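Novice: Take a look at the following structure, please.
The values are calculated or read from the model by the stated rules, or taken from the named source; none is laboratory data. Fair warning: this is a prediction, and the values are worked out from it, not measured in the lab. Methodologically, a virtual Cβ is constructed for each residue, glycine included, from the backbone with ideal geometry; neighbour enumeration extends over all protein chains shown.
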Amino acid sequence: MARLLLRGFDIRKGYLDAVSQTRLVDLLRPILKAAPLYRPFTPSGKEMSVRMTSAGALGWVTDRAGYRYQDTHPKGMTWPAIPDDILTIWQDVTGAERQPDCCLINYYGEGTKMGLHQDKDEADFSWPVLSISLGDDALFRIGNTTRGGKTESIWLSSGDVVIMGGPARLTYHGIDRIRFGSSKLLPKGGRINLTLRVAT
């Protein structure tokens, strides 16, 4: 495993080995069956290119009512629990006293991306956000704490984890593109990104 620090982002390349990655994908299957992926809309009415769902006591949602956390899937079902293996990664990497109450699951298919944004719908920014990459490579762009200015980018591969905490907690970041088909982890290709958050 290689550890990189980029604009305060703690990037651990190759944190999860191939067996661990496959294990996580297997753990996600019943979650995606119980709380299916859906394509959300931003408050402005724009459809996002990623599909998403959540696990945990709360899930992050977006629609015309705004960005927020809520305790049910848009279709009404409660979110499944976060698997213990994922919580163990959180504890091992962050050492945080609190467990996350949300695991946002984003699926990136061919041609999808995520614009520069801040994770700022949480109640307390002192807790980090942990990102886990599974599947195809993604070009991760890191900006600044305000919009504009120079950015830096790094390719994230399957098994990489990123900790966003401290001064970097409210730094803008996003995914410019994925290398579709660069990984064989997901049978149909694409990338799954798990982000663990303390929301309340």
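Novice: Show me the strands (runs of 3 or more DSSP E) found entirely inside segment 1-70 where at least 2 residues are free of Cβ contacts under 8 Å to residues at least 60 places away in the same chain and not aliphatic (A, V, I, L, M). Give the derivation first.
Specialist: On the way: elements: 2-6, 9-13, 51-55, 59-63, 66-70.
Filter on segment 1-70 gives 51-55, 59-63, 66-70.
Novice: So, one more: Tell me yes or no: at least one residue of segment 120-129 is within 15 Å of residue 50 (Cβ to Cβ), within 16 Å of the chain's Cα centre (by Cα) and either among the hydrophobic types (A, V, I, L, M, F, W, C) or in a loop (DSSP other than H, G, I, E, B) (or both).
Specialist: no
Novice: Given the structure, is residue 185 under 15 Å from residue 112 (Cβ atoms), surrounded by 14 or more Cβ atoms within 10 Å (Cβ to Cβ) and modelled with pLDDT of 95 or more? Step through it out loud before you land on a result.
Specialist: Numbers: under 15 Å from residue 112 (Cβ atoms): no; surrounded by 14 or more Cβ atoms within 10 Å (Cβ to Cβ): yes; modelled with pLDDT of 95 or more: yes.
So residue 185 does not fit the description; no.
Novice: Condition test on residue 137, is it at pLDDT 95 or above and either buried (at least 22 other Cβ atoms within 10 Å of the Cβ) or over 18 Å from residue 48 (Cβ atoms) (or both)?
Specialist: So residue 137 fits the description; yes.
Novice: Failed condition for residue 145, given (1) in contact with a helix residue (DSSP H, G or I) (Cβ under 9 Å, 6 or more places away or on another chain); (2) buried (at least 21 other Cβ atoms within 10 Å of the Cβ), with all others met?
Specialist: Among (1) in contact with a helix residue (DSSP H, G or I) (Cβ under 9 Å, 6 or more places away or on another chain); (2) buried (at least 21 other Cβ atoms within 10 Å of the Cβ), residue 145 violates only (2).
Novice: Residues to consider are 165, 174; find the one that is surrounded by fewer than 22 Cβ atoms within 10 Å (Cβ to Cβ), under 13 Å from the mean Cα position of the chain (by Cα) and closer than 20 Å to residue 104 by Cβ.
Specialist: Just one listed residue meets the conditions, 174.
Novice: Please go through segment 75-89 and pick out each residue that is within 15 Å of residue 24 (Cβ to Cβ) and either assigned to a helix (DSSP H, G or I) or of a type outside the set (Val, Ile, Thr) (or both).
Specialist: The first filter runs over segment 75-89 and keeps only residues within 15 Å of residue 24 (Cβ to Cβ), leaving 80-89.
Selection gives 80, 81, 83, 84, 85, 86, 87, 88, 89.
Novice: A further question follows. Pick from 66, 111, 76: which is among the small types (Gly, Ala, Ser) and touching a strand residue (DSSP E or B) at 6+ places or on another chain (Cβ under 9 Å)? Step through it out loud before you land on a result.
Specialist: On the way: 66 fails: touching a strand residue (DSSP E or B) at 6+ places or on another chain (Cβ under 9 Å); 76 fails: touching a strand residue (DSSP E or B) at 6+ places or on another chain (Cβ under 9 Å).
Exactly one of 66, 111, 76 is among the small types (Gly, Ala, Ser) and touching a strand residue (DSSP E or B) at 6+ places or on another chain (Cβ under 9 Å), namely 111.
Novice: Ok, one more. With respect to residue 85, is the statement that it is under 20 Å from residue 21 (Cα atoms), without any contact (Cβ under 8 Å) to a residue 12 or more places away in the chain and acidic (Asp, Glu) true?
Specialist: The answer is no for residue 85.
Novice: Let me ask something else. Enumerate the pairs (first residue in segment 129-143 and more than 13 Å from residue 24 (Cβ to Cβ); second residue anywhere and among the acidic types (Asp, Glu) and modelled with pLDDT under 95) with beta-carbon separation below 6 Å, excluding pairs fewer than 6 apart on the same chain, so at least 6 apart or on different chains.
Specialist: none
Novice: Just checking, how many residues over segment 71-81 are in contact (Cβ under 8 Å) with a residue 40 or more places away in the chain and surrounded by 14 or more Cβ atoms within 10 Å (Cβ to Cβ)?
Specialist: 2
Novice: So, in segment 39-93, of the ones that are within 15 Å of the chain's Cα centre (by Cα) and among the small types (Gly, Ala, Ser), which residue ends up farthest from residue 161 (Cα to Cα)?
Specialist: 49
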